[in-house]
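Note sheet for the following structure.
Every read-out reported here was derived from the displayed coordinates using simple, explicitly stated rules and does not represent laboratory data. Everything numeric in this text was worked out from a predicted model, so none of it was measured. Cβ coordinates were reconstructed from backbone atoms using ideal geometry, including for glycine residues, and neighbour counts include every protein chain displayed.
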Amino acid sequence: MKKAIIFTRCSSSGSLESRQDTTRQVEDLNHYADVNALTVVKVFQEHISGGKTNKERPLLQEAFSFSLENDIDVILISELSRLGRRCDEILESIKWLKDHHINCYFLKEQLSIFSPSGKENPYLTIMCAVLGTAAELERETIYYRLKSGRDKYVRDGGRLGKPKGSGIKTKDQMATEYKSILKNLRTGQSVRNTAKITGFSPSTVQKVKREFAL
């Protein structure tokens with residue numbers, strides 16, 4: 001079987017919503033891997049703004065290096081915008097993967113760098129340029145809306161920042177946020193293997209195991 005890694009990205013680093021979205025990405029890509037007889041050897045879950053450059057995304061660089069060092073056949077990504085929101089950054093990443101003959105599959109767009117026979121997709125660069133430009137426009141629109149809403153909130157007397165105690169999670173919230181960890185622990189996976197499969201740190205897995213008495 002061919003070896004694959006999963007790479008996911010969400011814009012926020014700590015909110016429950018972002019973790020839920022990452023979990024959905026992982027589940028969808030794991031399903032794709034199962035259907036296509038791919039062995040997922042590691043999951044990378046990045047929580048960072050899509051506006052960051054490639055050089056400002058250490059986990060993306062780690063995923064690429066891991067793929068090269070471990071002879072990974074394909075990187076699975078839920079959609080093109082998870083690779084980046086700037087067209088030049090996306091094309092730079094695609095070029096690096098091409099040069100090292102590492103395939104990359106985008107689930108939403110159903111695009112890959114190489115076909116199953118190993119031939120390069122001649123339309124990929126064009127599609128990446130079009131979709132990457134659309135992602136840039138989307139990012140600018142989101143930024144404008146957020147800034148406009150924040151400015152109005154402050155003008156109306158609102159205060160920015162997290163409410164006191166907002167960082168404390170309930171057990172139900174943890175069950176939702178760490179669904180993939182619980183699933184693997186309950187099937188008998190070790191802390192180390194669970195961390196490797198889900199992309200969470202061993203300390204986080206250990207915390208969940210202790211909290212749910214597994």
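Taking Rg/Rh (Cα atoms, Kirkwood Rh) as the quantity of interest, determine which of (i) 1.08; (ii) 1.25; (iii) 1.00 was computed from the displayed structure.
Label of the calculated value: (iii).
So how far apart, in nm, are the two label points at Thr125 and Asp28 if each is 7 Å from Cα heading toward Cβ?
2.8
Within straight cross-link reach of Lys108, meaning Cα distance under 28 Å, which lysines are found once same-chain residues fewer than 8 apart are removed?
Partners within reach: Lys2, Lys3, Lys42, Lys52, Lys55, Lys95, Lys98, Lys119, Lys179, Lys183, Lys196.
Would you work out which of Ala213, Ile90, Thr23 lies farthest towards the positive end of the dipole of the chain, given +1 charges on the beta-carbon of Lys and Arg and -1 on that of Asp and Glu, about the Cα centre?
Of the candidates, Ala213 comes out farthest on the positive side.
Using a Gaussian network model of the chain whose springs link C-alpha atoms within less than 10 Å, name the residue from Arg24, Arg192, Arg159 with the highest mean-square fluctuation.
Maximum among the listed residues: Arg159.
Relative to the present Cα-Cα distance, how much length would full extension add between Asp71 and Arg186 at 0.36 nm per residue of separation?
Difference between extended and current length: 38.4 nm.
Could you work out how far apart the two model spin labels at Arg150 and Leu59 are, taking each label as a point 7 Å from the Cα in the direction of the beta carbon, and quote it in nm?
2.1
Thr141 to Ser49: extension gain in nm, 0.36 nm per residue of separation minus the Cα-Cα distance?
The span from Thr141 to Ser49 would gain 31.7 nm if fully extended.
Can you give the extra length, in nm with one decimal, that the chain gains between Lys2 and Trp96 once fully stretched, where that is 0.36 nm per residue apart less the Cα-Cα distance?
Value of the extension gain: 31.8 nm.
Peptides 119-127, 1-9, 206-214: what's the order by average Cβ count within 10 Å, highest mean first?
1-9, 206-214, 119-127
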